[in-house]
Amino acid sequence: MSEILQYDPQRRWAAASRVGQVLYLAGETGTDPETMQVVDGGIEAQTEQVFTNIRTTLAHFGADLGDVVKITVFLTDMADLAAVGAIRAKHLPRPVPSSAIGVVALASPDMHVEIEVIAEVPGSD
């Protein structure tokens, strides 16, 4: 088995694990890492924060949003899918396989979106 490299910001779990050239990011939410609070402003603000958090975690491993090969979106209200999709399209430089899953709740009642990604670490072929 390949060595597993992990990145742990201030949380109880790893934000990401790298196995060989594949990077697995845990679900990111619209939580501000400075305050550990869910950002105000509804689904759009939360989704923007999610992509900021994803970008930060990818950068820790020398990757960026262009290296994402799969995305999974968890939503507490599927009516928000179009808004989240528009923001996703703005941040991802190309279409990638995507899944959207409706859930009853996330870790906090204030959270409405969580996104996890799989990426290929550049230069690791």
Legend entry - The listed residue being of a type in the set (A, V, I, L, M, F, W, C) and farther than 14 Å from Gln46 by Cβ, out of Ala83, Ala79: Ala79
Legend entry - Checking Ser2 against (1) modelled with pLDDT of 85 or more; (2) touching a Gly at 6+ places or on another chain (Cβ under 7 Å); (3) more than 24 Å from Leu75 (Cβ to Cβ), the condition it does not meet: (1)
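Being among the charged types (D, E, K, R) and under 17 Å from Gly27 (Cβ atoms) narrows it down to one residue among Lys90, Lys70; which is it?
Step by step, each of Lys90, Lys70 is checked, and only Lys70 is among the charged types (D, E, K, R) and under 17 Å from Gly27 (Cβ atoms).
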Inset, instruction - Taking the options Ala59, Ala15, Ala79, name whichever one is among the aliphatic types (A, V, I, L, M), at pLDDT below 95 and open to solvent by 60 Å² or more (accessible area, probe 1.4 Å). - result: Ala59
Inset, instruction - Residue by residue through segment 56-93, note down the ones that are hydrophobic (A, V, I, L, M, F, W, C) and in a helix (DSSP H, G or I). - result: Leu58, Ala59, Leu65, Met78, Ala79, Leu81, Ala82, Ala83, Val84, Ala86, Ile87, Ala89
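I'd like the residue in segment 94-122 that is in contact (Cβ under 8 Å) with a residue 60 or more places away in the chain and among the charged types (D, E, K, R) and, out of all such residues, is most open to solvent (accessible area, probe 1.4 Å).
If we take residues in segment 94-122 being in contact (Cβ under 8 Å) with a residue 60 or more places away in the chain and among the charged types (D, E, K, R), then Asp110 is most open to solvent (accessible area, probe 1.4 Å).
The values are calculated or read from the model by the stated rules, or taken from the named source; none is laboratory data. The structure displayed is predicted, hence computed values, not measured ones. Glycine gets a Cβ as well: all are built from the backbone with ideal geometry, and neighbour counts include every protein chain shown. For the accessible areas, the whole protein counts, side chains as well, though only heavy atoms, and no ligand, DNA or RNA atoms are used. Shrake-Rupley method; radii C 1.70, N 1.55, O 1.52, S 1.80 Å.
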